[in-house]
Amino acid sequence: MNLPSEFEKKMKRLLGAEYNDYLSCFDEPRHFGLRVNTAKISVEDFLKISPWPLEKVPWIRNGFYYDGENCHPARHPYYFAGLYYLQEPSAMTPADRLPVEPGDRVLDVCAAPGGKATELGARLNGTGLLAANDLSSSRAKGLLKNIELMGLGNILVLSEEPGKLIPYFTEYFDKILIDAPCSGEGMFRKDRKMIRAWEEHGPDYFARIQKSLVTQAAQMLRPGGMMLYSTCTFSPEENEQTIEYLLQQYPDLEVCSIDAYEGFAYGMPELTESGDERLRKTVRIFPHSMKGEGHFLALVRKMDAGLTSVPETSSHPANKGGTGTKRKKIPEELADFLSDVNREFDPERIEIRADKVYYMPEGLPALNKIRFLRTGLFLGELKKRRFEPGQAFAMNLQKDEYARTIDLPASDGRVVRYLKGETLEVDDLVPAEEKGWYLVCTDGYPLGFGKLAGQVLKNKYLPGWRWQSS
């Protein structure tokens, strides 16, 4: 492994006697991770149906290793049902260690492709708000797909400079995660192309970006709220020194301890100018001491100055004015469809824009002059006095929440044909006289909608999500 000489010198200073152990890890295979999506299925239930042997990631409650050479979980119907997310094991740690609770308002500042955001959203359990942002519009589109694939509906997906969000969300969020763009030193073993990128843009380049991100995000954190900062690099300029800068700029922030695991290393305040001992509460993950790639985590809390509870939704200043769009009366065709859904919908949260129907999170501010891809759960579209349900709605439902379902075993060839967009013969599953919208499931977990006529199911699976032949 040819590492840049400047990087080698830095790692020798950083690791001392452990440096040779670090070099040895480059000869070991990378680790492949799978995180169970608890918004869809419990860990216990997934282990009963897992098509592959799994090994627990010991410091992640719903994380597992799988054999990346012989298992292909991205080519299985359960992947398309959103039962799990494929994620490097160390990268599971930031979202796991941010203590999100149901009802929280949560912001993921640099969220694409969505591995951390989808875990944060799952832990909200359908309540509160997940705001997921990524500056790149193309990456934000992939982020939206992953969020909707995982079945999350209480969402706001943005593509904006974080600084532009501050006027809309000043002291709004209970929890914030910043998985910052970084020099990627911790990913050198996993992706050798990161070495070339490091040579083009090193730690100094990214440290400037990171300091801007953390100070902007701090302004959106409510008193008493918590923010987790993470990188996949070893550089002290991007890690401890960035948090040192944040604490200097915002004295009302305190560093919190992170739930420990035996392989975690303490932060290194000796690598900062101030030597602030609070930085020892931060965490470093080294690939020679754990079965994962390199990572850094710091958890801070904004002191609450006497605030003892989360502001009520009705009284929060950000809730004045709604979303800036006049609500319409629920059309009859939409009401007819929802009558087949075993779930209560608050009519005041249903919003129709250009015939597209959304179920909005509570308490959003007016979002004028900022770029967003999605507000709330996309229910579907009104078309010439009929309602056509959307893919995101299908993924947000449980099988028992919809009146008419077609449930196929994952081993049934019709599952893959459905995921490829093909019309299905289902005469063995439904009576001849049946017609209308059906929720297509595999082993009890929704994949999408189809429209039945004459025992033939017209495929309504979203074209951009279709199974691609290898």
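A short reminder: the numbers here are calculations on the coordinates, not readings from a lab. Please read these numbers as outputs of a predicted model, since none were measured by experiment. Here the Cβ positions follow ideal geometry from the backbone for every residue, glycine too, while neighbour counts run over all protein chains shown.
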Limiting things to C-alpha atoms, what are the Rg and the maximum Cα-Cα separation (Dmax) for the chain, in angstroms? 23.6, 77
Cα Rg over Rh - the stretch 398-465, Kirkwood: 0.92
Taking the C-alpha atoms of the stretch 65-175, how large are the radius of gyration and the largest Cα-Cα span, Dmax, in Å? 14.4, 49
Hey, what do the phi angles of the stretch 45-57 turn into as Karplus ³J(HN,Hα) couplings, whole Hz, using 6.51/-1.76/1.60 and θ = phi - 60°, x for Gly and Pro? 5, 5, 4, 6, 10, 4, x, 9, x, 10, 10, 5, 7
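What ranking, highest mean first, results for peptides 459-468, 391-400, 36-45, 5-14 when packing means the other Cβ atoms within 10 Å averaged over each residue? Mind showing how you got there, number by number?
Details: 459-468: 15.3, 391-400: 20.7, 36-45: 17.9, 5-14: 13.7.
Top of the packing list down: 391-400, 36-45, 459-468, 5-14.
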Give 399/435; 116/291; 175/356; 384/420; 190/281 a once-over and call out the pairs whose C-alpha atoms are over 22 Å from each other. 175/356; 384/420; 190/281
Kindly write out, for the stretch 393-408 in residue order, the coupling ³J(HN,Hα) from the Karplus curve 6.51 cos²θ - 1.76 cosθ + 1.60 (θ = phi - 60°), rounded to whole Hz, with x marking Gly and Pro. 5, 4, 6, 7, 7, 9, 3, 7, 8, 10, 5, 10, 9, 10, 10, 10
Suppose we keep just the alpha-carbon trace of the stretch 173-307; what are its Rg and Dmax in angstrom? 14.7, 49
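Can you sort 303, 227 so the residue with the fewest Cβ neighbours within 10 Å comes first?
Details: 303 13, 227 25.
The order, fewest Cβ neighbours first, is 303, 227.
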Only Lys, Arg (+1) and Asp, Glu (-1) charged, at Cβ; the chain dipole about Cα centre in debye: 1440 debye
Unit charges at the beta carbon, dipole of the chain: most positive-side option, 132, 231, 382: 382
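Based on the alpha-carbon gyration tensor of the stretch 141-223 and its eigenvalue square roots a ≥ b ≥ c, which shape applies: rounded if a/c is under 1.5, prolate if not and a/b is larger than b/c, or oblate? Show your work: numbers first, answer last.
Values: a/c = 2.65, a/b = 1.39, b/c = 1.91.
The shape class here is oblate.
Quick check on the chain: helices-only [θ] at 222 nm, where DSSP H runs of length 4 and up contribute -39,500 (n - 2.57) each and the sum goes over total residues. Nearest 500, please. Numbers along the way, then the final one.
Values: 14 runs with 118 residues, N = 470.
That calculation yields -7000 deg cm²/dmol at 222 nm.
Sort 98-105, 290-297, 269-276, 160-167 by the packing proxy (mean of other Cβ within 10 Å over each peptide's residues), most packed first.
Details: 98-105: 18.8, 290-297: 24.6, 269-276: 14.6, 160-167: 16.5.
Order by mean packing, descending: 290-297, 98-105, 160-167, 269-276.
Could you rank the peptides 177-184, 430-437 by their average count of other C-beta atoms within 10 Å per residue, with the highest value first? Please list the in-between numbers first.
Values: 177-184: 24.6, 430-437: 11.9.
So the peptides 177-184, 430-437, ranked by packing, come out 177-184, 430-437.
Antiparallel DSSP bridges in the chain: what percent, to the nearest 5?
Working: 53 of 74 bridges.
Rounded to the nearest five, the antiparallel share is 70 percent.
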Cα-based convex hull, the stretch 350-408, per residue volume (Å³, whole number): 115 Å³
